[in-house]
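Student: Got a structure for you, written out below as structure tokens; questions coming shortly.
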Amino acid sequence: MLKIESVNAGYREAVVLHEMTIEVNEGEIVTLIGGNGAGKSTTLMTISGLVKVFGGDVLFEGTSLLGVTPEKIVKHGVIHVPEGRRIFPNMSVLENLDMGSMLRKNRAEIDKDRENVFELFPILHERRNQVGSTLSGGEQQMLAIGRGLMARPKLLLLDEPSLGLAPILVQQIFSVIRKIRDDQGCTVFLVEQNANQALQVSDRGYVLATGEIKLSGESDILLKNEDVKNTYLGAS
Ligand SMILES: Nc1ncnc2c1ncn2[C@@H]1O[C@H](COP(=O)(O)OP(=O)(O)O)[C@@H](O)[C@H]1O
Ligand SMILES: [Mg+2]
């Protein structure tokens, strides 16, 4: 579904990603793990057309995304939930969710997807008329993911969904990610520092350090890998 082929990408003159090659197959959950500053967010921004690609190619369902505007990439079904729960603080939960379905027309399908988001995150239904800024950190993360789902993604890109959340919420978020894939068939590519839990819900993983893929494989194998254990699983 997604192919990142020998990509060099970054900002102005600063190349951050070096010869990156990653594949995500339809129906998979794939995790990119890496420490702070490794280039995880840059990788997701490369897919959604927000950073400069100096070389290589990014293909979605066989079509190159290079030179395609971020809005068109969204229309292809590639939905990016950015780091840091960027919801609209002055809008209600319902209004935030509506922003996610802005490019769609079929009212009945939109209503159904909203119901589905409320089923995944019942607390958002309780808080539906509250403005975003009054939600807890965990609720804001749920809203950010919910808003992404309102676009009916084929491929959902999640940037550190567990960042800064209490352990119980982290577990809840990861189990919802699994549910999104299992129930809706949505393909998920997530980036995380929280390698342990992320790898536990994903099929495969890649390890990124200073912009280079160091290791890749099935998640169970990565979880047992000594280097991965020592570098990324210590704290969790
Ligand atoms: N807007 C930017 N302009 C220049 N350099 C940036 C910008 N954003 C990030 N970087 C640099 O790119 C590298 C990777 O950053 P990032 O992708 O945010 O890492 P991660 O998400 O893994 O923490 C870092 O060295 C960071 O300083
Ligand atoms: Mg980041």
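The values are calculated or read from the model by the stated rules, or taken from the named source; none is laboratory data. What you see is a predicted model; the values in this text were computed from it and never measured. Every residue, glycine among them, receives a Cβ derived from its backbone with ideal geometry; neighbour counts consider all protein chains shown. Accessible surface areas use protein heavy atoms only, side chains included; no ligands, DNA or RNA. Shrake-Rupley method; radii C 1.70, N 1.55, O 1.52, S 1.80 Å.
Student: If I ask for residues that are touching a residue at least 60 places away in the same chain (Cβ under 8 Å) and open to solvent by 40 Å² or more (accessible area, probe 1.4 Å), which ones from the stretch 187-197 would you list?
Tutor: Correct list: GLN193 only.
Student: Mind checking whether some residue in the stretch 188-197 is more than 16 Å from ligand 2 (Cβ to nearest atom) and modelled with pLDDT of 95 or more?
Tutor: Taking every residue of the stretch 188-197 in turn, at least one turns out to be more than 16 Å from ligand 2 (Cβ to nearest atom) and modelled with pLDDT of 95 or more.
Student: Working only within the stretch 58-89, note down all residues that are among the small types (Gly, Ala, Ser) and open to solvent by less than 60 Å² (accessible area, probe 1.4 Å).
Tutor: Correct list: SER64, GLY77, GLY84.
Student: List every residue pair whose Cβ atoms sit under 7 Å apart, with the two residues 6 or more apart in sequence or on different chains, where the first one lies in the stretch 198-211 and is on the phi > 0 side of the Ramachandran plot and the second, anywhere, is open to solvent by 20 Å² or more (accessible area, probe 1.4 Å).
Tutor: As it stands, the answer is GLY211/VAL16; GLY211/HIS18, since those pairs meet every condition given.
Student: Being away from ligand 2 (no atom under 16 Å from the Cβ), over 16 Å from the mean Cα position of the chain (by Cα) and not in a loop (DSSP other than H, G, I, E, B) narrows it down to one of GLY67, GLY56, so name that one.
Tutor: Numbers: GLY67 fails: not in a loop (DSSP other than H, G, I, E, B).
Only one candidate qualifies: GLY56.
Student: Just to be sure I understand, how many residues within the stretch 141-174 are more than 15 Å from ASP98 (Cα to Cα) and more than 16 Å from ligand 2 (Cβ to nearest atom)?
Tutor: Going through the stretch 141-174 one residue at a time, the tally reaches 12.
Student: Further, regarding this structure: Among the numbered conditions (1) over 18 Å from the mean Cα position of the chain (by Cα); (2) open to solvent by 70 Å² or more (accessible area, probe 1.4 Å), tell me where LEU163 comes up short.
Tutor: (1)
Student: Next question, about the same structure. For the stretch 202-236, which positions are under 19 Å from PRO167 (Cβ atoms), buried (at least 21 other Cβ atoms within 10 Å of the Cβ) and either at pLDDT 95 or above or out of contact with any strand residue (DSSP E or B) (no Cβ under 7 Å at 6 or more places or on another chain) (or both)? Working first, answer last.
Tutor: Within the stretch 202-236, the subset under 19 Å from PRO167 (Cβ atoms) is 202, 223, 232-236.
Cutting the leftovers down to buried (at least 21 other Cβ atoms within 10 Å of the Cβ) gives us 202, 232.
Of everything in the stretch 202-236, just one residue is under 19 Å from PRO167 (Cβ atoms), buried (at least 21 other Cβ atoms within 10 Å of the Cβ) and either at pLDDT 95 or above or out of contact with any strand residue (DSSP E or B) (no Cβ under 7 Å at 6 or more places or on another chain) (or both), namely SER202.
Student: Quick one: in the stretch 13-31, which of the residues that are part of a loop (DSSP other than H, G, I, E, B) and touching a strand residue (DSSP E or B) at 6+ places or on another chain (Cβ under 7 Å) is nearest to SER216 (Cα to Cα)?
Tutor: Only one residue tops the list, namely GLU28.
Student: Restricting attention to the stretch 17-46, which residues are within 11 Å of ligand 2 (Cβ to nearest atom), crowded, with 19+ Cβ neighbours inside 10 Å and not hydroxyl-bearing (Ser, Thr, Tyr)?
Tutor: The answer is LEU32, GLY34, ALA38, GLY39, LYS40, LEU44, MET45.
Student: Also: Pairs please, first residue from the stretch 135-164 and free of Cβ contacts under 8 Å to residues at least 24 places away in the same chain and closer than 21 Å to GLU95 by Cα, second anywhere and away from ligand 2 (no atom under 14 Å from the Cβ) and part of a helix (DSSP H, G or I), Cβ atoms under 8 Å, 6+ apart in sequence or on different chains.
Tutor: Partner pairs satisfying both residue conditions: GLU139/ILE123; GLU139/LEU124.
Student: Let me ask something additional. Does any residue in the stretch 90-104 that is within 15 Å of VAL74 (Cα to Cα) come within less than 6 Å, Cβ to Cβ, of a residue that is open to solvent by less than 10 Å² (accessible area, probe 1.4 Å) six or more places away or on a different chain, and which pairs are these?
Tutor: GLY100/MET150; SER101/ILE110; SER101/MET150; ARG104/ILE110
Student: Among the residues of the stretch 105-117, write down those that are open to solvent by less than 60 Å² (accessible area, probe 1.4 Å) and either without any contact (Cβ under 8 Å) to a residue 12 or more places away in the chain or more than 18 Å from PHE88 (Cβ to Cβ) (or both).
Tutor: Initially, the stretch 105-117 is screened for residues open to solvent by less than 60 Å² (accessible area, probe 1.4 Å), giving 110, 113-114, 116-117.
Across the stretch 105-117, the qualifying residues are ASP113, ASN116.
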